Every structure is written in C-alpha cells, then in structure tokens.
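Presented below is the structure to which this report refers.
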Amino acid sequence: MTLSYPIMGLEELRAFLDAEFPQIHFGGRTYHLEAVGPLSARVRMDYHERHLRPGGTISGPSMMALADLALYAAILGQLGPVALAVTTNLSFNFLRKPAQRALIAECRLLKLGKRLAVGEVSMMSEGEAALVCHATGTYSIPALQTTVS
C-alpha cells in the first residue's frame with residue numbers, strides 16, 4: 001500500500017463530521033480532530049466527567065468511541081466523504097489507567113482496499129508517551145462510494 005495524501009483536508013473533514021454526525025458533540029464539544037495525513041489521523045477527547053466511570057477513570061466505552069472516530073477520520077481523509085463506511089470490528093487492549101487529562105488517539109491505516117479498511121489506534125494521555133490503550137479496527141467500505149452533499 002502506497003502512502004497517498006488525503007483527499008479531505010483537516011478543515012473539510014471537520015466540517016463533514018460536524019454536518020453528518022452532530023451527535024458526537026451532544027452535551028458540548030469534547031472530540032477534536034487535530035490532524036489528518038497520509039493514511040492517518042489524530043483525534044483528541046477532552047477530559048470531562050461524562051467520560052468517567054466509578055473510580056474516576058475514563059470509561060472503556062469513551063475510549064472505544066474515540067478510537068472508532070479516529071479510524072473513521074483516517075479512512076474519510078483518504079476516501080473522501082463516504083458517510084456509509086461502517087465499523088465491522090473493533091478490538092481493544094486496555095494497558096493502563098489513563099491520567100485525568102485529555103486522551104490523544106493516533107490512528108494509522110494498515111490496509112485501505114476497495115471494500116475493507118484496517119487500522120490501529122494508539123491512545124495516550126495528553127503529555128505522556130505511555131500507551132493507555134491499543135485498538136485495531138476494520139471498516140466496510142460501500143461498493144458504491146457515493147458522496148454526501
């Protein structure tokens with residue numbers, strides 16, 4: 001697989017996500033698309049009490065949503081606005097308790113085919129190098145890649 005520059009730039013991808021998936025900002029904006037590059041994306045999730053579980057740690061479902069969003073952003077960056085690409089598999093390894101600060105998800109696509117995309121997400125607490133979570137995911141890409149206007 002050769003590296004190619006994104007079809008959708010950072011601002012275009014942000015606008016698409018805001019228009020097509022406004023529900024990710026329900027209750028206030030906590031997800032921030034920070035970068036999109038060749039076969040990659042970086043998304044930050046602000047630290048907020050709505051993402052906590054008992055014991056004061058960031059919940060698994062919150063980390064799963066962040067990883068899924070990072071995968072989706074990396075795929076859309078390469079393919080363009082294909083709203084119907086869907087998650088078919090997500091696998092998580094929770095490695096350590098995240099710090100009480102924002103989480104950064106760095107996604108790298110491993111395969112981007114005609115019908116499937118496979119990627120990995122490394123997640124760390126903002127300002128720290130140690131991984132708190134490693135995820136892999138697969139997306140199904142619709143055969144007819146119609147764009148959303």
Review point. Tyr5 fails exactly one of the following numbered conditions: (1) buried (at least 19 other Cβ atoms within 10 Å of the Cβ); (2) part of a loop (DSSP other than H, G, I, E, B). What is the number of that condition?
Key: (1)
Check your understanding: How many residues are under 14 Å from the mean Cα position of the chain (by Cα), among the β-branched types (Val, Ile, Thr) and surrounded by fewer than 17 Cβ atoms within 10 Å (Cβ to Cβ) if we restrict to the range 44-97?
Key -> 2
Review point. Of all residues in the range 107-141, which are closer than 23 Å to Thr57 by Cβ and either touching a Phe, Trp or Tyr at 6+ places or on another chain (Cβ under 6 Å) or not in a strand (DSSP E or B) (or both)?
Key: Glu126, Gly127, Glu128, Ala129, Ala130, Cys133, Ala135
Practice item. Would you mind telling me which numbered condition in (1) of a type in the set (Gly, Ala, Ser); (2) at pLDDT 95 or above; (3) under 21 Å from Glu12 (Cα atoms); (4) surrounded by fewer than 19 Cβ atoms within 10 Å (Cβ to Cβ) Ser149 fails? Key: (2)
Practice item. Identify, from the list Ser140, Ser122, the residue that is within 22 Å of Leu17 (Cβ to Cβ) and without any contact (Cβ under 8 Å) to a residue 40 or more places away in the chain. Key: Ser122
Practice item. For residues that are farther than 15 Å from Gly37 by Cβ and either free of Cβ contacts under 8 Å to residues at least 12 places away in the same chain or touching a helix residue (DSSP H, G or I) at 6+ places or on another chain (Cβ under 9 Å) (or both), scanning just the range 98-109, find the one that is surrounded by the fewest Cβ atoms within 10 Å (Cβ to Cβ). Key: Leu103
Check your understanding: Looking only at residues in the range 53-108 that are more than 22 Å from Leu10 (Cβ to Cβ) and in contact with a Lys or Arg (Cβ under 7 Å, 6 or more places away or on another chain), which one is modelled with the highest pLDDT?
Key -> Ser59
Exercise for review: Only one of these is in contact with a strand residue (DSSP E or B) (Cβ under 9 Å, 6 or more places away or on another chain), under 17 Å from Leu69 (Cα atoms) and of a type in the set (A, V, I, L, M): Ala105, Ala99, Ala130. Name it.
Suggested key: Ala105
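The values are calculated or read from the model by the stated rules, or taken from the named source; none is laboratory data. Bear in mind the structure is a predicted one, so any value in this text is a computation, not a measurement. All Cβ positions, glycine included, derive from the backbone under ideal geometry; neighbour counts span all protein chains shown.
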